Amino acid sequence: MPEPSSAARRVFVTGIGLVSPHGGDPAQVFARLCCGESAIRKIRSGSAEFGSDVLMARAEFDPAGVIAKPQLVFMDRVAQMAALAAHRALEAAGLLGADLSAAGVHLGCGLGGSQTIEDSYQQYFVRRTRKMKPTIVPMVMPNAAAGHISMRHGVKGETLTYSIACSSSAVAIGEAFHRIRTGRLERQIAGGTEALLNDGSVVAWEALTVLAKEHPDGAQASCRPFSKDRTGLVLGEGAAILILESEAALSARGAKPLAEVIGYGLSSDAHNLTQPSADGQARALNAALKDAGVAREDVGYVNAHATATPAGDKIEIEALKRTFGAHAARLAVSSTKSMHGHLLGAAGALEFAITVLALANRRIPPTANLGVPDPECDLDCVPNQGRDAPNLRVAASNSFAFGGSNAVLVARAVE
Amino acid sequence: MSSFDFIRKLLIEKFDVKPEVIRPEATLADLGIDSLSVVEIVFDVSDHFGIDIPDERLKFNTLGEVVAVVDEFVSAKGA
């Protein structure tokens, strides 16, 4: 892929589609986030024998009217969410039914059809059926969701899926963005999807001992990024899809953009499979700012990766300080995971969508449940209530994955 | 429930097929059922009736042919 030239084309976000713990309407989702409203609940999980109450942020959705019943039979929850979010994004962009044959689909997904894996293994190993359902392979494969989007909308340019744990969908958006900027494509359907709140996956995450404990104030207050008493992350699920278009494509049809995508930076920690590294994160941040061609002082808001693990949040704060220097003290940094949980493969896309909405609304969403901050998380972490930011011009969204793959996206407000 | 009734119910509830077109002589293509959907239906039927139809028998043109093969294995099991 060629390096962006001086004649690099500008790329805009023209639509957002969501299936999220806060619902499907981006304006409502953003409003609820700005009020500090958490969608985290305690839900009974597991078998009658081994069940437990698990904190999670479920995304309720109804595919009726968008996905036909016979198609649902072949779609895991993860693909249903993605297809619904893509439909909503195209509708918001005014591109539903448009000729998308030259467009691309770039999707991030961590685990693929997790519910189908669980159901089929239950059937085969526990119920001892002699065969497995024939639809399992096309339902489990992680690229199924992207394939469904491509088929549903006649997207024939390229259909790619990235599985990079918690950076999956940030990378999907970044790669889609670069392909438009360098002139390979005019339009992209880019984002992420994840649906692994089933028993087997949840128990596996519990075993990692990174999940939050229930807070005395209630389940909804349990995810506490940057807080002194944070205990861990809360799993979420959902899909977030953005429509990216070249300046030429959007002006040809007179569409109004939400924000401009201007930077994408990557780095690898080469350090530890699950422990983050401030050095690796700072390198991704610097790469993204360089790619965006903006000064660090231009950045007004960072949607942090901060999952609320004791170790992770302070390392990210350290990376932000190293990257932004004296400007770090003037930066607004919030973790919306405090309210929607960690969507893993869809996290980068949902959080970049929120970052775009922050730029479009000139309003910064808060970090919920932030009473007494960790002394090592001593930046402006926007506690509990969103705030107006009339001068907000540039914002970034961080995604840092298990495996040491870091991805940062940068966007600019449309004047 | 007979195998025809069971498949009829599946077609209506899971595959959104209109009840009035479900007749034994209807081709699977007429019903909008592709090859993967057929295998899915046969799986559900086999699971329900506790039968095991070998893959080489899974070649059908009409709904009646599906029912005939299922009935053959159901009666063989009962024998």
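Read the figures in this text as sums done on the coordinates, not as results from a lab. These numbers were taken from a predicted model, which means no experiment stands behind them. Here Cβ is always computed from backbone atoms with ideal geometry, including for glycine, and neighbour counts include all displayed protein chains.
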Output the relative contact order of the stretch A:1-118, whole-number percent, from Cα pairs under 8 angstrom with separation of 6+ residues.
30 percent
Rounded Å value of the spacing that divides the Cα centres of the stretch A:53-121 and the stretch B:1-57:
26 Å
Can you tell me, using C-alpha contacts under 8 Å and at least 6 residues apart, the relative contact order of chain A as a whole percent?
23 percent
What does the extension gain come out to for A:ARG184 and A:GLU91, with contour length at 0.36 nm per residue minus their alpha carbon separation?
31.1 nm
Quick calc, A:TYR124 & A:SER52: beta-carbon distance into FRET formula, R0 22 Å, rounding 0.05, result 0.35
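Output the peptides A:120-127, A:10-17, A:403-410 sorted from most to least packed, where packing is the average of other Cβ atoms within 10 Å over each peptide's residues.
Numbers: A:120-127: 13.0, A:10-17: 24.8, A:403-410: 26.8.
Output ranking for A:120-127, A:10-17, A:403-410: A:403-410, A:10-17, A:120-127.
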Give the relative contact order (percent, whole number) for chain B; include only Cα pairs under 8 Å separated by 6+ residues.
37 percent
Give the cross-link partners of A:LYS69 among the lysines, using a straight C-alpha distance below 19 Å as the criterion and excluding same-chain residues fewer than 8 apart.
A:LYS133, B:LYS9, B:LYS14, B:LYS18
Shielding by other protein chains, B:24-36, mean Cβ within 10 Å:
1
Taking a spot 7 Å from the Cα of A:ALA204 along the direction of its beta carbon, which residues of the stretch A:70-88 have an amide N less than 17 Å from it?
A:76-79
At 1.306 mPa s and 10 °C, Stokes D of the stretch A:295-415 from Kirkwood alpha-carbon radius, µm² per second:
112 µm²/s
Sort the following peptides by mean Cβ neighbour count (other Cβ atoms within 10 Å, averaged over residues), highest first: A:162-173, A:145-156, A:266-277.
A:162-173, A:145-156, A:266-277
Candidates A:GLY108, A:GLY200, A:GLY265; GNM for chain A (alpha-carbon contacts under 10 Å) flags as most fluctuating A:GLY200
Would you work out if the stretch A:1-160 is rounded, prolate or oblate? Take a ≥ b ≥ c from the square roots of the eigenvalues of the alpha-carbon gyration tensor; rounded if a/c is under 1.5, else prolate when a/b is larger than b/c, oblate otherwise.
oblate
Taking the alpha-carbon centre of each part, the distance from the stretch A:287-319 to the stretch A:330-402 in Å is 10 Å
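In peptide B:46-54, what is the residue-averaged number of other protein chain Cβ atoms found within 10 Å of each Cβ?
The shielding value for this peptide is 2.
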Within the stretch A:323-415, report the trypsin sites (Lys or Arg not before Pro) that DSSP leaves as loop and that have at most 14 other Cβ atoms within 10 Å.
A:ARG362
Can you sort B:SER35, A:SER47 from fewest to most other Cβ atoms within 10 Å of each residue's own Cβ?
A:SER47, B:SER35
FRET efficiency for A:ALA329 and A:SER251, Cβ-Cβ distance as r, R0 = 35 Å, nearest 0.05?
0.35
Gaussian network model of chain A, Cα springs within a sub-10 Å range: biggest mean-square fluctuation belongs to which of A:GLU158, A:GLU245, A:GLU49?
A:GLU49
What does the average come to when, for each residue of peptide A:181-192, you count the partner chain Cβ atoms lying within 10 Å of its Cβ?
0
Which lysines have a Cα less than 26 Å from the Cα of A:LYS290, not counting those fewer than 8 places away in the same chain?
A:LYS314, A:LYS321
For chain B, the Cα-Cα pair-distance distribution in 10 Å bins from 0, as whole percents, is 19, 59, 21, 1
What area, in nm² and to one decimal, does the C-alpha convex hull of chain A cast on average over all directions?
19.3 nm²
Mind checking which of A:GLY218, A:GLY280, A:GLY238 has the largest fluctuation in a GNM of chain A, springs on alpha carbons under 10 Å?
A:GLY218
Modelled FRET efficiency - R0 41 Å, A:LYS213 with A:VAL137, Cβ distances, 0.05 increments:
0.60
